[in-house]
Amino acid sequence: MTPHSSKPTFLDLSGRRRARLKAGIITFGVLSTLIVLVVLTGMLVSPVLPDLPLTQTAADSLGRIPRTARAQRKRSISVRAERERLASRQRLFQQLTKERRPLRRSLQYSQIPLGPRLRADSALAAHHGAYDPTVVGFYVNWDDNSLASLRKNIDRLDWVVAEWGLVRARGDSMPLRFQVDRRVLALAALAKQPPIILLMLTNATADGFDPDAVHRLIATERARRLAIRTIIDTVTHYRLGGVTIDFESLPKSMHPFLLRFLGELKPALVKEHLLLTQAVPGDDPDWPVEAYTRLNDRVFLMLYDEHDPSDDPGAVASQGWFDHHLARLLGRIPPGKAIVGIGQYGYLWSDTAESATELTFQDAMQLARDHGLHPTLDRDALNPTFHWDDPDSTSNIVWYLDGVTAWDEVRAAERAGVAGIGIWRLGSEDPSLWSVLQRTGLAAKPDALDSMFIDYDVNFIGTGEILRMVSEPTPGRRTIRTDAATGEIVSERVDSIPSTYVIRRYGRKKNEVALTFDDGPDPVFTPMILDTLRSRGVHATFFVIGENVELHPDLVRRELREGDELGNHTFTHPNLALVGKPTTRFELNATERLLEAVLNRRTALWRPPYFGDAEPTTADELVPVSIAQGLGYITVGLHIDPSDWATPGTDSIIV
């Protein structure tokens, strides 16, 4: 306001200045908010790397021009890159503190200590009183899906019967050898409620069952004594719960020898508080099951293979056949000593083949999917089946067992008051079975069987060690109907077939080998490796661990400067199959941020720790691949692993 006027000096009667000021404040607020969001996004969100085109062409066999060393420009580490590195590292270690069992994160299965030895004989008493069936899963080494199933369902199992004792008609004095899978022992040690593991001895071979091998094992007193000492030493060494005998296709003349062997083995097991169990055929009336039951703590009644590969096509275990032989056997032995074996597999018969081909449930679903078929339950056998004709007029028919047949069989077994249920076998079964079968027994209703899924098998396309996930599992559906009076499932139709993982492999090049080194940089070995590579004009790929990069950043810079490739190998080298998805993301992000801060570069390559194959076969191995691929990484496997971490010696590593 001036002396000559009562009007304020800065008064704007038009209101334009106020509008401009307001617009400026709003603009400033929006811009500052965007800047804050950009900074936070860079710190919190994992970097998504650009997609790289992967193709496999005929030119791959022609070779390529050797790479030259990259010209390096000296760059200072940006404040933002360093801030993001520290933030990513902090988030990772906050996540690691949440891991319930940090011991399991960074060890090979073989390095995880064995669990405490369980009193297997005490476990039998635990199932007395209210009806609480023992739930058993049979495990085999020769199918990776068996391990996948065990890992997923171990908390549903009371016992695991592992096929680790192989009786072979060899020329030496001991026709028995053991193949103990330490991964199973590790999973049991890490389980919330560790199952009892039984060592199964079998005379199974690639061509069937060999009775001659059993005869060599038990025919003489000296052979039996040696076998018993070897069995006891093995079981106690690995802290197992006992032994399961599975000797099949034995002639009548062999039974007295086997009974004598079991009679001598039993006291040795009792002394160590271990169990003796045995698998007996469910449909062979000549087996002296009463005598075997008296010697064993439990007997497994193998109620499957009504039609085996050598028979004409037919149900694997029709419900009528199952009920008949279950009643016959329980008329001869106490139900409280019987564990009923439930089959989970199938057969494919073709009129051009001499015998049937064994199928897993996943195999059966894939065949049905390939031929556009919808399996249904045969109304008489109550087993699912489907058939088709090939273009060359070859007729094919599949019979198999699934979660529906298991429901009917387990119900019948539980009504008979048996001691337990045994699933033959883990990795071959219909995964939906576990939605209705727990440690406490069968669910009250079968409704959960409507949903179908496959998460064990993996389909591969192409060749090479570079992996790209094409598709992830999709669920299927089936319609079932139960009998109102009996509760038995009497109708099933698969409406949509579940699918599994599909992985495309790339990278195979004729007459070329890609050298890769994991776990560095190491202050002793990495310089020697780099010197050797440079002296021969050879380049390699180094999959580095973030913790080691922090300690030795100059070695990583040298690797890049000399023309080598770098890949992400996580920050702390955990076994990603044993940690959660958030931890996998934090591990990748922390290492990526560190490399960006040290090198001012990103890498598109990664290799999961403990990833010893270019053919991952289980969901636990593939989930990290899916996570990394979503972030733009390319997964690199390997086909030739020197296993140098086990220090086998130079002669074993270099061939």
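Since every read-out is calculated from the coordinates, none of them should be taken as a lab result. Note that this is a predicted model, so its numbers are computed, not measured. As a convention, Cβ positions derive from the backbone with ideal geometry for all residues, glycine included, and neighbour counts pool all protein chains shown.
How much length would be gained if the chain were fully extended between VAL502 and ARG558, taking 0.36 nm per residue of separation minus their Cα-Cα distance, in nm to one decimal?
Length difference between fully extended and current span is 16.4 nm.
Rounded to the nearest 5, what % of the DSSP beta bridges within region 125-235 are antiparallel ones?
The antiparallel fraction comes to roughly 30 percent.
When the convex hull of the C-alpha atoms of region 336-399 is computed, what volume per residue in Å³ does it have?
Convex hull of Cα atoms, per residue: 116 Å³.
Evaluate 2.2 N^0.38 Å with N set to the residue count of region 198-265, then give the Cα radius of gyration divided by it.
It is 1.11.
Please list, ordered by chain and number, the residues whose modelled amide H lies under 5 Å from the amide H of TYR633; skip anything fewer than 5 residues away on the same chain.
LEU49
Full extension from ARG439 to GLU354: what is 0.36 nm times the residue separation minus their Cα-Cα distance, to one decimal in nm?
Using 0.36 nm per residue and subtracting the Cα-Cα distance, I get 26.5 nm.
Of all GluC sites (Glu not before Pro) in region 287-360, which ones are in loop regions per DSSP and have a Cβ with at most 13 other Cβ atoms within 10 Å?
Listed in order of number, the matching sites are GLU354.
Using 0.36 nm per residue, how much length does the chain from SER395 to ASP641 gain when fully extended, once their Cα-Cα distance is taken away?
84.2 nm
List the equivalent ellipsoid semi-axes of region 466-604 in whole Å, largest first, each obtained as the square root of 5λ for an eigenvalue λ of the Cα gyration tensor.
Value: 48, 19, 12 Å, ordered largest first.
Percentage of Cα-Cα pair distances in region 261-361 greater than 20 Å, rounded to whole percent?
In whole percent, the long-distance tail amounts to 49.
Would you mind putting 255-262, 329-336 in packing order, based on average other-beta-carbon counts within 10 Å, highest first?
The most tightly packed comes first, giving 255-262, 329-336.
Would you work out if region 157-280 is rounded, prolate or oblate? Take a ≥ b ≥ c from the square roots of the eigenvalues of the alpha-carbon gyration tensor; rounded if a/c is under 1.5, else prolate when a/b is larger than b/c, oblate otherwise.
Prolate.
Three principal axis extents, largest first, for the C-alpha atoms of region 295-437, in Å?
The principal-axis extents, from largest down, are 53, 31, 26 Å.
Are any of the pairs LYS152/LYS192; LYS337/LYS445; LYS152/LYS271; LYS192/LYS445; LYS192/LYS581; LYS152/LYS337 more than 24 Å apart by Cα-Cα distance, and if so, which?
Pairs exceeding the cut-off: LYS337/LYS445; LYS152/LYS271; LYS192/LYS445; LYS152/LYS337.
What does the C-alpha gyration tensor say about the overall shape of region 330-369? Classify as rounded when a/c is under 1.5, otherwise prolate if a/b is larger than b/c, or oblate.
In terms of gyration-tensor shape, oblate.
What nm value, rounded to one decimal, do you get for the distance between THR205 and THR650 when each label is placed 7 Å out toward the C-beta?
4.2
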